[in-house]
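Below: the structure, in structure tokens.
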Amino acid sequence: MQTKTRIVELIGPPGVGKSMLYEEMARKYYKEKDWISMEHLLAPKSPGLKFPVQWLEHQYRKLFDKKRIKSIPTEYGLRFIKENEKFAEFCWNHISTSHMHNSPDKRYRAAYFLFTDFCRYQAILEKKHSRPCLIEEGFLQKSYLLHQEKQLIEELLDEYIKLIPLPYAVIGIDTQEKGLILSRLKTRKKTIPSHMDKDDSFLLSDIELWQHLVHTAIDKLKRSGVFVFNIDGSRPLAEKAASSHAFLKSLSQTS
């Protein structure tokens, strides 16, 4: 029996199509019960017929697959920090000094999302679910790990992976077609603060750094015993979802 839920992170450079893949998999495959998405694992339980309005809302969301994560109490994040004190301190120190967070608003924004991750990781782990849990982005998708010098990225990852609560597996999505990622970055609704008002040359340079970060992290994770599955982000969405599902299904069959 698993003592903790096995977390699977979906990682890749911004704009490569992680969100589209995650949403397609959660929509198409979660009912097959080979794995579970973070939204379904942490979704609120049915309030029961004693609360008819809330019960009807819950049934509506369930029927039409309107996923909603309940608000996770801060106590989960505090427990995570207590259990991973050195890792939490490492993250805070690098948020405070990273060139990607060179103003108070960016540092507070990064700290907010980091603590949210602490809360959800702890909540997922404490569920002790038997199936692997897929999350869209996690601790390996952090901008404070990014530097202009690739050697610094590699040195930082060496220390980071020694401290990080390692995922059970990762699905790495990337493509050699940098132009495809660039076009997605320029047309998608979600905009990274560091990308605002930047020209194509800056974005292409940033894409290259993110790719180096992701590939280096994957290599180091492999050496640490983490299961890794790589997929080509330029492939059709249905094909990517099917192959990723097959990988998660294989994980669910391992003890």
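The values are calculated or read from the model by the stated rules, or taken from the named source; none is laboratory data. None of the values given here were measured: they were computed from a predicted structure. Here the Cβ is made from the backbone with ideal geometry for all residues, glycine too, and neighbour counts use every protein chain on show. Surface accessibility is based on the protein's heavy atoms, side chains included, excluding ligands, DNA and RNA. Shrake-Rupley method; radii C 1.70, N 1.55, O 1.52, S 1.80 Å.
A few notes on this one:
- Of the residues screened, residue 244 is not one that is surrounded by fewer than 16 Cβ atoms within 10 Å (Cβ to Cβ), of a type in the set (S, T, N, Q) and either modelled with pLDDT of 90 or more or over 30 Å from residue 155 (Cβ atoms) (or both).
- Picking from residues in segment 219-241 that are assigned to a helix (DSSP H, G or I) and open to solvent by less than 40 Å² (accessible area, probe 1.4 Å), the one that is nearest to residue 175 (Cα to Cα) is 240.
- Restricting 181, 124 to residues that are open to solvent by less than 10 Å² (accessible area, probe 1.4 Å), over 21 Å from residue 220 (Cα atoms), at pLDDT below 90 and not hydroxyl-bearing (Ser, Thr, Tyr) narrows the list to 181.
- Meets criteria (free of Cβ contacts under 8 Å to residues at least 24 places away in the same chain, open to solvent by 20 Å² or more (accessible area, probe 1.4 Å), in a helix (DSSP H, G or I) and basic (Lys, Arg)) for residue 198: no
- Hits in segment 70-120 (condition: of a type in the set (A, V, I, L, M) and either in contact with a Gly (Cβ under 8 Å, 6 or more places away or on another chain) or closer than 27 Å to residue 198 by Cα (or both)): 95, 100, 110, 111, 114
- Residues being part of a helix (DSSP H, G or I) and under 15 Å from residue 80 (Cβ atoms) - total across segment 118-148: 10
- Among the candidates 176, 151, the residue that is surrounded by fewer than 18 Cβ atoms within 10 Å (Cβ to Cβ) and part of a helix (DSSP H, G or I) is uniquely 151.
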